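Data block below; observations after.
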């Protein structure tokens, strides 16, 4: 089975309601006729009809009361009631005039400010009309009947679409109030009761939903003018005819600081510091004056017109008395290098740094006494430190001041600490920076210093020369010591070599001894054998020798006797000859003759080749002797060379 999809067109749908088409066509074609015959009025769906009644046929309500412009009871004139979208009859054109107007549309991000063109008169002093129940001004009749006041209305219209009678109300668009993050809104009320005498702001009012409910604010006795309550971040439907809002940053108390609160509003509170502190009132929170409890680090929604927060550093704070140098806190921007005059009349400059610390619980006392940290610096620290160093410099000359800088710095620290303790400020340290004496004095000091340095240089050079001499001496000794050590090492080596040789010799001797002992035994054995043989040969030889000796002895005996007799005969004859010669020559001459013979026979020189003489009185005797010895040596050398040449 085949299935077909039947598509239904808009024309088909329209045919389904064909009976509606004919009345519409009829009304559209005969609208002017119907308007005249039956008083027909059609109000479109995006419009409202504002009716003006031209006249009243019968009755006493033919005209509006004095001061009214809108008719609520059928009077002739502009009608308070508007026609909503739809079909109306009996609105004949000769009696009613109907004007079509678009709806009132308030877009997102906007509010509608309403100005009533009719209503009761505002009381004297009021600038805003109080709200009445009238369906957001869409029911003008109810607005007028319930006593709605003409003029600017306290109530606002939020975003949306409204059927508002433009003859009765004028609507003006305005931006909603937006407060961004880390910002606050400070509110000034434009309507309300007068501020109480002696105060600069109204009393805090509760229940007005951040000033969005003007009627609640005014009904609770809210005062016109500055409000103590602030608005935090957010979007608000705030009536600008009722309130002005100034958006300012939140009060930031950074780390390392406390915020001392000075309140300009509230009742006068009792002083909580006691009788010993007589420099200002310090009160508890909520009263007018300096609050005893400071704010810790953080962000606070503080109304800067009713309350002042004075920041006080709780970390060590450095203040510089130095031209063109300032810390990040900028409290020392007006401080400059201190100019002092010495005892000897020289002016000179010095830079000073003062480190202070203010305890957190003492910060309210400092602010109560001085009002701000800047006043503390200008009223106490600047004159105290400046005058101290000026007085201190007058007790000393420049040179002494420079040379006793540390002592003066310690004395300044003790003095300034004692002074600042009276002002609830702790003096941590006092430091003297650059000291700039006069140029002429500096030249003198520089020349003196140069002379001293030159003297030190010369002394150092002299000491260096002495050290160099000592070093050279020590070097020479060290070099000699090296030779001595080398000789000692050589001796030790020789000694050790000798010891080694001795040891070797002892070893060799021991070895040789063993060898000799072995050989001795062998020799002994051989000797014993040979001894036996020799003994036999000796006995034979001894016998032979004895016989030979006996024969030789016999021969020698006879020969000796013959020789003796011969010598005796010769000696006897010689003696007789000498005796005769002595007698003939004399004993002395004979002796000289024999001596000469012996000398000639022995080749002995009687006269020397060179004679050297000298007298006691002659001073050159020693020199002559030396020269003689030298000549003698030369002659000997020549004699030695001649045989070698030959």
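Miscellaneous remarks
- Of the residues contained in the range 229-249, none is found to be more than 49 Å from the chain's Cα centre (by Cα) and on the phi > 0 side of the Ramachandran plot.
- Some residue of the range 482-494 being more than 30 Å from residue 321 (Cα to Cα), assigned to a helix (DSSP H, G or I) and within 60 Å of the chain's Cα centre (by Cα): yes
- Taking the numbered list (1) at pLDDT 80 or above; (2) not in a loop (DSSP other than H, G, I, E, B) in turn, residue 444 passes all entries but (1).
- The number of residues in the range 417-441 that are at pLDDT below 85, over 30 Å from the mean Cα position of the chain (by Cα) and not in a helix (DSSP H, G or I) comes to 2.
- Top-ranked residue in the range 252-287 [being in contact with a helix residue (DSSP H, G or I) (Cβ under 6 Å, 6 or more places away or on another chain) and assigned to a loop (DSSP other than H, G, I, E, B); ranked as nearest to residue 228 (Cα to Cα)]: 280
- Yes/no for residue 349 being modelled with pLDDT of 90 or more, within 26 Å of residue 393 (Cα to Cα) and in contact with a strand residue (DSSP E or B) (Cβ under 7 Å, 6 or more places away or on another chain): no
Conditions tested, residue by residue: (1) in a strand (DSSP E or B); (2) without any contact (Cβ under 8 Å) to a residue 60 or more places away in the chain; (3) surrounded by 17 or more Cβ atoms within 10 Å (Cβ to Cβ).
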residue: 188; (1), (2), (3): yes, yes, no
residue: 191; (1), (2), (3): no, no, yes
residue: 197; (1), (2), (3): no, yes, no
residue: 200; (1), (2), (3): no, no, no
residue: 204; (1), (2), (3): no, yes, no
residue: 209; (1), (2), (3): no, yes, no
residue: 216; (1), (2), (3): no, yes, yes
residue: 226; (1), (2), (3): yes, no, yes
residue: 239; (1), (2), (3): no, no, yes
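- The set of residues from the range 317-327 being assigned to a loop (DSSP other than H, G, I, E, B), under 19 Å from residue 429 (Cα atoms) and either without any contact (Cβ under 8 Å) to a residue 60 or more places away in the chain or outside the structural domain of residue 409 (by TED's automatic domain parsing) (or both) comprises 325, 326, 327.
- Residue check, residue 473 assigned to a helix (DSSP H, G or I) and more than 47 Å from the chain's Cα centre (by Cα): yes
- Only residues that are within 26 Å of residue 428 (Cβ to Cβ) and outside any loop (DSSP other than H, G, I, E, B) were counted in the range 299-316, giving 5.
- Against the conditions (1) at pLDDT below 95; (2) out of contact with any helix residue (DSSP H, G or I) (no Cβ under 6 Å at 6 or more places or on another chain), residue 207 satisfies every one except (2).
- Test result for residue 171, surrounded by 15 or more Cβ atoms within 10 Å (Cβ to Cβ), at pLDDT 95 or above, under 60 Å from the mean Cα position of the chain (by Cα) and not assigned by TED's automatic domain parsing to the domain that holds residue 218: no
The values are calculated or read from the model by the stated rules, or taken from the named source; none is laboratory data. These numbers come from a predicted model, not from an experiment. Heads up, the Cβs are rebuilt from the backbone with ideal geometry, glycines too, and the neighbour counts pull from every protein chain shown.
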